[in-house]
Amino acid sequence: MELLKPQLQLYKGSLLLIEFLFLIGLNLYCFNISAINHTLIFGLDPRDHLSYYHIFEMAGGLTVCWCTSVLASLHPSVLSVPQQFHPLLFHSFLLFLLLNPFSIFHTQSRRWLIVTMVRHGKDRT
């Protein structure tokens, strides 16, 4: 078990990100069932935002990628690559999905997220 601790610590942050995505989707789903107009509450553009279905879809896809990467890192002899390569590859994949310049995978939402993160980063300094 002691040998797995550093490996699991490498994946802890990305699992929390995926869990956060899932919980945001669950929150939007509950708003939808309760007929609460979350687009008005949060000031979202009603024509250009992700629904709970899209967020669940992203969280599910990232969960499958995360589990595949964890399993590959736990069994490095099968793929003949170093054990630390899999977390690096997975986190590089997440960064590529965020900074992807092509207009696929909800481009407008990714741009909004990047602009919001940069704005809040400048406000803190």
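The values are calculated or read from the model by the stated rules, or taken from the named source; none is laboratory data. Given the structure is predicted, the values throughout are model-derived calculations rather than measurements. Cβ atoms come from the backbone with ideal geometry, glycine included; neighbour counts cover every protein chain shown. Ligands, DNA and RNA are stripped out before the accessible areas are found, and what is left, the full protein with its side chains, is counted by its heavy atoms. Shrake-Rupley method; radii C 1.70, N 1.55, O 1.52, S 1.80 Å.
Kindly provide the set of residues from the range 92-121 that are open to solvent by 80 Å² or more (accessible area, probe 1.4 Å) and either of a type in the set (S, T, N, Q) or not in a helix (DSSP H, G or I) (or both), ordered by number. Listed by number, the residues that qualify are PRO101, PHE102, SER103, ILE104, PHE105, GLN108. Checked against (1) touching a residue at least 40 places away in the same chain (Cβ under 8 Å); (2) more than 18 Å from the chain's Cα centre (by Cα); (3) over 26 Å from LYS12 (Cα atoms), GLN84 passes all but a single condition, namely (3). Quick check on the range 90-107. Is at least one of its residues more than 15 Å from the chain's Cα centre (by Cα), modelled with pLDDT under 85 and of a type outside the set (A, V, I, L, M, F, W, C)? The answer is yes; a qualifying residue exists. Among residues that are of a type in the set (Phe, Trp, Tyr), over 20 Å from THR116 (Cβ atoms), open to solvent by less than 60 Å² (accessible area, probe 1.4 Å) and not in a loop (DSSP other than H, G, I, E, B), TYR11 is included.
Note on the range 114-125: residues that are under 14 Å from LEU95 (Cα atoms) and at pLDDT below 85 amount to 0.
Has the range 68-91 got at least one residue that is assigned to a helix (DSSP H, G or I), of a type in the set (S, T, N, Q) and open to solvent by 80 Å² or more (accessible area, probe 1.4 Å)?
Yes, the range 68-91 contains at least one residue that is assigned to a helix (DSSP H, G or I), of a type in the set (S, T, N, Q) and open to solvent by 80 Å² or more (accessible area, probe 1.4 Å).
Screening LEU44 on (1) outside any loop (DSSP other than H, G, I, E, B); (2) closer than 22 Å to TRP112 by Cβ shows it passes everything except condition (1).
The C-beta contact set for the range 44-66 (first residue more than 12 Å from LEU28 (Cβ to Cβ), second residue open to solvent by 60 Å² or more (accessible area, probe 1.4 Å), distance under 7 angstrom, 6+ apart or interchain) comprises ASP48/GLN108; CYS65/PHE93; TRP66/LEU15.
Test GLY25 against the criterion of being in contact with an Asp or Glu (Cβ under 9 Å, 6 or more places away or on another chain) and in a helix (DSSP H, G or I), and give yes or no. Against the criterion (in contact with an Asp or Glu (Cβ under 9 Å, 6 or more places away or on another chain) and in a helix (DSSP H, G or I)), GLY25 qualifies.
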